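The values are calculated or read from the model by the stated rules, or taken from the named source; none is laboratory data. Just so it is clear, the structure is predicted and the values come from calculations on it, not from any experiment. Ideal geometry is used to build each Cβ from the backbone, glycine not excepted, and the neighbour counts take in all protein chains shown. Calculation scope for accessible area: heavy atoms of the full protein, side chains included, ligands and nucleic acids excluded. Shrake-Rupley method; radii C 1.70, N 1.55, O 1.52, S 1.80 Å.
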Amino acid sequence: MTLLNGKEIANQIKDEIAAEVGEMKIRGEKVPHLAAVLVGNDGASLTYVGSKVRSCKRIGFESTLKHLPEDTTEEDLLKLVSELNADPDIDGYIVQLPLPKHIDEEKVLLAVDPEKDVDGFHPTNFGKMALDMQSFIPATPFGIMELLKRYKVEVEGKHAVVIGRSHIVGRPISILLSQKGKYSNATVTLTHSRTKDIKALTLQADIIVSALGVPGFLTADMVREGAVIIDVGITRVPDASKERGYYITGDVDFEAVSKKASYITPVPGGVGPMTIAMLLQNTLLARKRRTRE
Ligand code: NAP
């Protein structure tokens, strides 16, 4: 079994980006600038955004955090979005989800300029991705594809079973795996909570991508020998013995499934760090595209 070490690969990618940013600086060019909008004080969101901002610093990007109070109105958030769209200094930005209940996420998402949508959530980018056109690919599925590529995991002709059909992970990874291309060309089955007998499907899978957020969902009896296992799930399980008061776990029974898998991602240290690395990669791309304009 080979561990797909997302932490290590993410660090490599960050080093590569940092080297490129170093060269940009030497040439006297503007360095990429990522902004993050956070509304409220959701614990997980604060952690994610904090880590994105720290990563920007580490690789030499400029970063701006716009932290708004929980009771921010939809109107005020849309105003900020339109300011970020107009700001020539910002190359890309993200609006951290979930937003408070009183704000219509879809409305906000649609207001983001697709050229600055480094999360790749805008329908323009999603549509372009589905049509094999140049776009911003959502960071988590982009990270999974990059991890498979860098470990030279064979995808072509394989049967991939994706569990979960969310717009940010399950749906886009099913599109990317089935795209024409050297590192894709898989045959994909997309499953969800209404799928009958997921086990019968996962037992036929060469590659399983689990993105549902149910700890221990994928057990060893659901996996065939030699399967490639990508665990996207991140669940915080309360644990008083931990300093933070919780521990992080994935969707996969790692202990048992790793004994059958050919490749497997750990949680933490698998897909999570890749997500941040690919967000930075998208921001670098955004900067380069803007330079070419
Ligand atoms: P989501 O929007 O809640 O979607 C979950 C999906 O799983 C839905 O399609 C749902 O089906 C399906 N599902 C739920 N229970 C199921 C069951 N028992 N059997 C089969 N399918 C089931 O979640 P998400 O945003 O995609 O996130 C999924 C997990 O990945 C979460 O743990 C999240 O924290 C994690 N995540 C990690 C990263 C990362 O960087 N590593 C990034 C994003 C998300 P229906 O559509 O039928 O409801």
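Surface analysis of the chain yields an accessible area of 48 Å² per residue, using protein heavy atoms and a 1.4 Å probe.
For region 24-98 versus region 187-235, the inter-centroid distance based on Cα atoms is 34 Å.
Leaving ligands, DNA and RNA out of it, report the carbon-plus-sulfur percent of the accessible area of region 34-143 at a 1.4 Å probe. Walk me through the numbers on the way to the answer.
Numbers: 2800 of 5110 Å².
Whole-percent figure for carbon plus sulfur exposure: 55.
Dipole of the chain computed with +1 at Lys/Arg Cβ and -1 at Asp/Glu Cβ about the Cα centre; of Val153, Ile26, Thr64, farthest Cα towards the positive end is Val153. How large, in percent, is the carbon and sulfur part of the accessible surface of region 214-293 at a probe radius of 1.4 Å? That fraction is 54 percent. For a paramagnetic label modelled on Leu3 (point 7 Å from Cα along Cα→Cβ), amide N atoms under 18 Å away belong, within region 201-229, to 228-229. Placing unit charges on each Cβ (+1 for Lys and Arg, -1 for Asp and Glu) gives the chain a dipole about its Cα centre, and among His192, Ala10, Pro114 the Cα reaching farthest toward its positive end belongs to Ala10. Across the chain, Cα pairs under 8 Å and at least six residues apart give a relative contact order of 21 percent.
Its alpha carbons give region 35-111 an Rg and a Dmax of 12.3, 36 Å.
Remark: the chain carries a charge dipole of roughly 760 debye about the Cα centre, counting +1 on each Lys and Arg Cβ and -1 on each Asp and Glu Cβ.
Add -39500 (n - 2.57) for each DSSP H run of 4 or more in the chain, then divide by its residues: what number comes out at 222 nm, to the nearest 500 deg cm²/dmol?
It comes out at -12500 deg cm²/dmol, rounded to the nearest 500.
FRET efficiency for the pair Glu105 and Ile26, taken as 1/(1 + (r/R0)^6) with r the Cβ-Cβ distance and R0 = 35 Å, rounds to 0.30.
The simple Förster model, with R0 at 30 Å and r as the Cβ-Cβ distance, assigns Asp89 and Met133 a FRET efficiency of 0.65.
Only protein heavy atoms count here; on that basis, with a 1.4 Å probe, Tyr48 has an accessible area of about 90 Å².
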